[in-house]
């Protein structure tokens with residue numbers, strides 16, 4: 001009983017792990033100076049200076065440089081000792097960091113070549129639908145009320161229609177609202193964001209220049225006057241070239257990363273030594 | 001042998017190398033124990049005078065100039081912000097050490113595309129898309145960056161003058177086998193510090209930071225979508241007291257690339273960050289602001305009434321804090337920091353999404369700490385500091401962010417992809433540990449909050465316009481829904497102003513959220529024009545409250561909460577001075593609700609009935625939705641599971657908090 005308790009003491013764990021580490025350390029560092037020489041070459045100093053300039057916008061003073069070298073040495077000593085003990089190997093953060101670096105190298109690798117015109121037009125042709133430019137709308141709206149079916153709304157719609165016909169200031173009509181009374185040169189998808197999809201779709205169809213309604217939004221019924229409208233267009237490549245380049249590069253980047261892994265993975269055999277539990281939905 | 005294994009695991013955990021790195025604390029905090037040499041960016045705080053002078057020119061879009069100028073055309077001269085732009089100022093991706101370490105695979109490019117409304121595949125392999133795209137985003141990966149790979153630019157003549165670089169470039173273009181060899185050589189040369197000088201020239205060095213800014217630049221489309229350049233400075237003082245700040249750039253890549261982000265390897269003291277910001281602006285001619293977050297996890301330090309080192313505040317310190325930190329992130333996935341029931345015992349809605357047991361590593365709180373953590377208390381205490389020192393260091397507006405660590409700004413209750421890849425939608429996530437730092441230092445999965453976003457009343461959707469609006473604090477925080485909220489203060493608002501476009505009267509007769517009231521005319525009390533419109537996909541509105549903090553004659557900060565307008569007016573009354581609840585239509589089993597209670601839109605003019613012109617005061621509005629299903633209810637319905645633990649909230653009352661309006665006696 002007492003022994004069991006003794007074996008459960010965290011202190012003992014520390015002692016044991018300490019001993020084990022010490023043993024591993026002796027075994028793995030046979031006293032050579034190879035792993036224990038830290039050379040501060042001109043290259044190292046240049047690097048430290050470059051990093052300092054990047055971080056602070058100026059060269060380090062003599063005192064700062066000494067400090068930089070001292071912390072470089074500090075990092076090197078403890079890092080090397082840690083690596084000798086294999087402390088990097090069971091560290092998930094180190095592992096993932098290294099994985100990211102290799103993925104970035106793969107991505108960088110792929111991105112050294114700019115897309116050619118042929119690349120872009122091929123990509124554009126296959127993905128035309130993604131580059132359609134939404135209709136651009138300029139309109140005023142009067143908010144009549146929440147529900148489109150109530151008697152009150154029907155009455156309000158009639159009153160509003162009459163007032164608008166007589167040329168009243170639209171902003172003085174209808175119910176007060178925080179919705180914008182006017183949207184200028186706004187793409188239809190942004191109209192959707194504010195008013196809902198069916199409202200935006202309706203505005204793409206109504207006659208330009210007239211007050212029409214009621215038209216339903218996510219909030220209720222409106223009178224609307226579209227004063228200017230550029231219909232949606234399937235553009236030529238030249239008009240959306242930047243966008244196409246961005247999308248093309250993004251796809252290439254992701255493909256490069258996946259390809260790199262697939263290739264490396266193919267060189268490994270993975271054996272799972274236990275049966276896997278079924279995943280719940 | 002068995003003991004040894006246990007010991008190893010124990011040690012590994014103690015070193016922070018556990019299998020599931022728990023939260024942003026993974027960023028090394030200990031390195032700063034050794035202070036950098038005395039040389040500091042920005043020099044001693046004697047700059048404070050300059051900073052105050054600067055703050056005049058920093059607000060190019062002065063709300064006082066938003067007045068509608070008279071003329072025939074009702075639209076000419078209208079320069080005020082007409083709509084709020086919703087975004088997230090707090091996003092981590094795989095490029096943040098703790099996010100990458102926990103397995104996140106989505107980098108800043110995927111995160112930005114997702115915020116813009118594109119569909120992506122989450123780290124756990126699930127396709128996901130936002131219900132509604134955001135208008136802007138700031139990817140804020142931790143500044144403690146990896147040193148990375150220098151790019152060999154294809155064919156850059158200056159670089160190609162170097163034989164080695166040219167040879168590598170030829171190898172890159174010489175087929176896969178050659179290219180791989182080139183990569184190996186390049187990596188080895190970098191590791192051994194044998195890169196050709198041309199490759200380490202800062203002109204060509206392509207750091208991770210430069211990659212980050214390139215991505216922001218690519219996806220930043222003025223007028224349509226703003227991708228800010230940003231980073232997070234992640235100070236965990238004393239090993240977990242959350243003093244993190246998001247740094248938001250007003251400018252573009254050309255300025256941002258001139259200086260690397262400030263890291264906590266350099267300092268954990270926010271004063272040093274402010275000095276760095278001062279120096280950065282001087283060097284580049286650009287503009288920066290900082291947004292602190294998670295006061296609730298700072299163990300009393302976020303709004304402590306002393307400086308970082310525990311000294312009394314000085315005027316210079318207060319000036320600098322006000323100057324650099326115009327906003328505070330009051331809600332995010334790790335809970336809200338707006339108000340706490342123990343500080344506001346009369347507030348029926350303060351007990352909401354609380355993470356109040358410890359700091360970031362769940363080191364338990366001691367009595368008194370909570371007073372230094374919450375926005376409302378800080379706004380009140382700021383009045384006192386202003387009275388004593390002449391500057392209010394806590395003159396901040398409200399922001400909301402997700403602080404997601406999987407690159408997904410999915411803060412919608414029915415689309416909640418949570419904070420870490422391990423917490424992406426799965427049947428068991430509610431019952432697992434979101435954070436586990438040992439016995440009694442656990443945060444459960446269900447405690448995660450599906451929040452939040454920042455709404456910015458900006459004149460347009462560009463970096464400069466949004467940033468300027470943030471700087472003048474014309475913002476509000478929401479727990480997720482895109483409700484539209486207006487809040488104006490002045491002395492002459494009348495009920496008639498609540499019948500038409502509120503902004504017209506609001507800007508003409510008063511000041512917007514985030515501003516100061518002018519001096520009170522004799523005999524007049526402040527009036528407030530406040531209005532809210534529901535998110536078209538979310539619940540109706542329960543009520544709008546105005547929260548007033550003021551300084552008592554005894555110098556003690558006080559608060560009062562006023563219900564100023566509410567939905568279902570005809571059926572609700574006041575019982576014992578309290579507005580009766582709006583009701584609840586949530587069917588938890590199916591995770592549905594109906595908008596048959598509450599109102600879609602609320603508007604009113606309210607006059608402070610308890611105004612004393614000799615007393616400092618601060619006012620802000622809080623908008624509450626009717627109860628709707630919480631993400632836990634959507635999970636239960638989707639995964640067909642029973643959540644039986646009665647501690648787990650299944651409904652929520654989404655909300656918005658506006659930036660305050662301040663009153664100071666002249």
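Since every read-out is calculated from the coordinates, none of them should be taken as a lab result. Just so it is clear, the structure is predicted and the values come from calculations on it, not from any experiment. Cβ placement follows ideal geometry from the backbone for every residue including glycine, while neighbour counts extend to all protein chains displayed.
Per-residue mean of foreign Cβ neighbours for A:252-260 is 1 (Cβ atoms of other chains, 10 Å radius).
One way to sum up the overall shape of the stretch B:481-663 is the equivalent ellipsoid from its Cα gyration tensor, whose semi-axes run 35, 18, 14 Å, largest first. Counting other Cβ atoms within 10 Å as a rough exposure proxy, the listed residues A:83, B:456 run A:83, B:456 from fewest neighbours to most. Each residue, residue A:162 and residue A:81, gets one label point 7 Å from its Cα in the Cβ direction; the gap between the two is 9.2 nm. Here the peptides B:417-429, B:80-92, B:213-225 are ranked by packing, the mean other Cβ count within 10 Å, and the order with the highest first is B:80-92, B:417-429, B:213-225. Size of the stretch A:31-142 from its Cα atoms: along the principal axes, largest to smallest, the extents are 77, 38, 35 Å. As a calculated quantity, the FRET efficiency between residue A:111 and residue B:647 at R0 = 56 Å, using C-beta atoms, amounts to about 0.65. Peptide A:173-182 has a mean of 6 when you count, residue by residue, the C-beta atoms of other protein chains within 10 Å of its C-beta. With each label modelled as a point 7 angstrom along the Cα→C-beta vector, the residue A:74-residue A:275 pair spans 5.5 nm.
Between the C-alpha center of the stretch B:546-623 and that of the stretch B:519-534 there is a gap of 15 Å. Using the Cβ-Cβ distance between residue A:146 and residue B:306 with R0 set to 56 Å, the FRET efficiency from 1/(1 + (r/R0)^6) comes to roughly 0.60. FRET efficiency for residue B:524 and residue A:184, Cβ-Cβ distance as r, R0 = 25 Å, nearest 0.05? For residue B:524 and residue A:184, the calculated efficiency is 0.10. In this label model, residue A:208 and residue A:242 are separated by 2.5 nm, measuring between points 7 Å along each Cα→Cβ vector.
Across the alpha-carbon set of the stretch A:158-218, the Rg to Rh ratio works out to 0.95, Rh being the Kirkwood radius. Rg of the Cα atoms in the stretch B:232-302, relative to 2.2 N^0.38 Å, amounts to 1.14. Put simply, when B:374-385, B:593-604 are sorted by average Cβ atoms within 10 angstrom per residue, most first, you get B:374-385, B:593-604.
Neighbour counts of other Cβ atoms within 10 Å put B:142, A:67, A:155, A:222 in the fewest-to-most order A:155, A:67, B:142, A:222.
Protection proxy ranking of B:436-442, B:302-308, by the mean of other Cβ atoms within 10 Å over each peptide's residues and highest first, is B:302-308, B:436-442.
Going from the residue with the fewest nearby Cβ atoms within 10 Å to the one with the most, B:356, B:311 rank B:311, B:356. For the segment B:534-546, counting C-beta atoms of other chains within 10 Å of every residue's C-beta and taking the mean gives 1.
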